[in-house]
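One structure is given below, encoded as structure tokens.
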Amino acid sequence: FDFLINQVSYKPDRAEAVDLSEGYYNLNQGVVALKDNPVAKAKTLADLKAYKFGAMVGTTSYDAIQKVIVPTTDTAVYDTNDAALEALKAKQIDALVVDLPTANFNVTVQIEDEAGTIVGQLEPFGGTPEYFSLLLEKDSALTACVNATVAALREEQALVERDARVV
């Protein structure tokens, strides 16, 4: 493949093995729970600390649990987001952390009977906004072109948003 566009969050350790483009979509992490779990009523980070969380291995979601929530129990780690979601449904964990677009999909499509909820969004850890990148082969000749295209699209979006505010 020339590049992969598939919700790949930028992580410095990933960028050592592959090229990751400039960000094409900024996001936060979301905390997903079943509405009948007490964690669903949490209002602060301190309220979240006592609960059992799950996330996919090697993800920025796992990093957010460890660096932002800092729970008092061990985090359950899964091979896929689907496995983590199944653990949530089976009440093996109290909540899972996934990127916000996935959290929305979880609660609107994958958790039946409107039983799921997004408890909240987590602020980026380290103060650096999280973003999705396109993934390319390490030192790809296409990386500069992809970055230029992403920058042009972001600029176009900024212009559209600016013009939409003009009354």
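Bear in mind these aren't lab numbers, they're just calculated from the coordinates by the rules spelled out. Keep in mind the model is a prediction, meaning the values are calculated, not measured. Reconstructed Cβ throughout: ideal geometry from the backbone, glycine too, with neighbour counts over all protein chains shown.
Remark: the range 1-78 carries a charge dipole of roughly 540 debye about the Cα centre, counting +1 on each Lys and Arg Cβ and -1 on each Asp and Glu Cβ. In terms of packing, defined here as the mean over residues of other Cβ atoms within 10 angstrom, the peptides 74-83, 152-161, 97-106 line up highest first as 97-106, 74-83, 152-161. Taking 0.36 nm per residue of sequence separation and removing the Cα-Cα distance, the residue 86/residue 47 pair yields an extension gain of 11.7 nm. Of the beta bridges in the chain, as assigned by DSSP with both residues counted there, near 80 percent are antiparallel. Sorting the segments 15-23, 47-55 by their residues' average number of neighbouring beta-carbon atoms within 10 angstrom, most packed first, yields 47-55, 15-23. Treating only the Cα positions of the chain as identical point scatterers, give the base-10 log of I(q)/I(0) from the Debye formula at each q in 0.09, 0.17, 0.19 Å⁻¹. Treating every Cα as an identical point scatterer, log10 I(q)/I(0) equals -0.36, -1.02, -1.14. The protection proxy used here, the mean number of other Cβ atoms lying within 10 Å of each residue, ranks peptides 111-121, 61-71 as follows, highest first: 61-71, 111-121. How far, in degrees from 0 to 90, does helix 143-165 lean away from the longest principal axis of the Cα atoms of the chain, to the nearest 10? On a 0 to 90 degree scale, this one is about 70. Close amide H contacts of residue 50 (hydrogens built in the peptide plane, cut-off under 5 Å, sequence separation of 5 or more or a different chain): 72. Taking a straight line from the alpha carbon of residue 91, these lysines sit under 28 Å away, with near neighbours fewer than eight places off in the same chain left out: 35, 41, 43, 49, 52, 67.
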